[in-house]
Amino acid sequence: MQNNDIVPGFDDEKDDSLKIRLEKVAQAPRCLLLVLTGYIDTYNSNFFQKRVQKAIEAGFVRLIFQCSSLNYVSSTGIGSFTTFLKTVKPQGGDLVLLDIQPKVYEVFQLLGFSQFFNIRDNLSDSVQFFTSDQPQEKPSIFPKVVSCPICYKKLRAVKPGRFRCSECKSILAIDEAGQVLLG
């Protein structure tokens with residue numbers, strides 16, 4: 001099945017720096033897998049946004065972005081993902097970032113965006129996120145207020161992960177138990 005068969009007019013515009021292949025996800029209604037190859041930066045983010053917006057306008061509000069062949073994402077590219085999330089949430093949708101390369105994930109973490117997105121390691125977990133009635137998450141102690149071990153600033157963590165202290169800019173890690181560690 002070609003992209004234009006899934007979303008009419010999707011391939012009307014091309015960009016050599018970013019390839020997007022579409023696959024319908026039969027197990028979840030209104031769900032689309034977008035396989036990304038290349039990179040997303042300031043120069044091609046507008047192309048990326050237009051393509052994904054076409055998919056959303058075609059009724060796909062549950063988006064799984066396969067990122068294993070995505071080599072680089074700039075802050076502008078991360079802003080694109082944030083825009084998609086804001087667009088699909090009011091329509092009962094969401095998005096999952098699947099199989100992110102470590103160097104790309106680090107950009108999400110350093111900019112503090114890893115906590116806003118559902119990040120999964122395999123396609124079946126991604127699909128299950130959209131098909132289960134109840135979230136598969138364990139009961140959480142989050143959100144939690146923690147102190148930076150360097151400057152002692154009080155910080156609110158919404159989930160475990162790595163982030164940067166807003167005061168001293170140290171990179172911190174918060175584990176599932178809410179313990180704060182450096183970096």
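Details
- Remark on residue 151: its backbone amide H falls under 5 Å from none of the residues 5 or more positions apart or on other chains, H modelled at 1.01 Å from N.
- 16 Å reach of a label modelled at residue 156, 7 Å along Cα-to-Cβ, counting backbone N of region 89-103: none
- The C-alpha atoms of region 1-85 occupy a region whose extents along the principal axes are 31, 24, 22 Å, arranged from largest to smallest.
- Cα gyration tensor, region 59-103 - rounded (a/c under 1.5), prolate or oblate: oblate
- Neighbour net charge for residue 13 - beta-carbon separation under 13 angstrom, K R +1, D E -1: +1
- Gyration tensor verdict on region 85-136 (Cα atoms; rounded if a/c is under 1.5, prolate if a/b is larger than b/c, oblate otherwise): oblate
- Global form of region 43-137, assessed from the alpha-carbon gyration tensor, a/c cut-off 1.5: oblate
- The slack between residue 82 and residue 141, meaning 0.36 nm per residue of separation minus the straight C-alpha distance, is 18.7 nm.
- Under-26-angstrom lysine pairs by C-alpha in region 1-128, whenever the two are 8 or more apart or on separate chains: 20
- Viscosity 0.692 mPa s, temperature 37 °C, Stokes-Einstein D of the chain from Kirkwood C-alpha radius, µm²/s: 188
- Antiparallel bridges, percent of DSSP beta bridges restricted to region 14-110 (to nearest 5): 35
- Along the axis of the charge dipole computed for the chain (Cβ charges of +1 for Lys and Arg, -1 for Asp and Glu, origin at the Cα centre), the listed residues 163, 102, 116 are led at the positive end by 163.
- Potential lengthening between residue 5 and residue 17 on full extension [0.36 nm per residue; Cα-Cα distance subtracted]: 2.0 nm
- Fraction of beta bridges assigned by DSSP in the chain that are antiparallel (%, nearest 5): 50
- If R0 is 22 Å, the Cβ-Cβ spacing of residue 89 and residue 132 corresponds to a FRET efficiency of close to 0.80.
- Tilt relative to the chain, helix 45-57 - C-alpha long axis, 0 to 90 degrees, to 10: 70
None of the figures in this text is laboratory data; all of them are computed from the coordinates on show. Predicted model only: the values in this text are computed from it and were never measured. Neighbour counts are summed over all protein chains in view; Cβ atoms, including those assigned to glycine, are modelled from backbone coordinates with ideal geometry.
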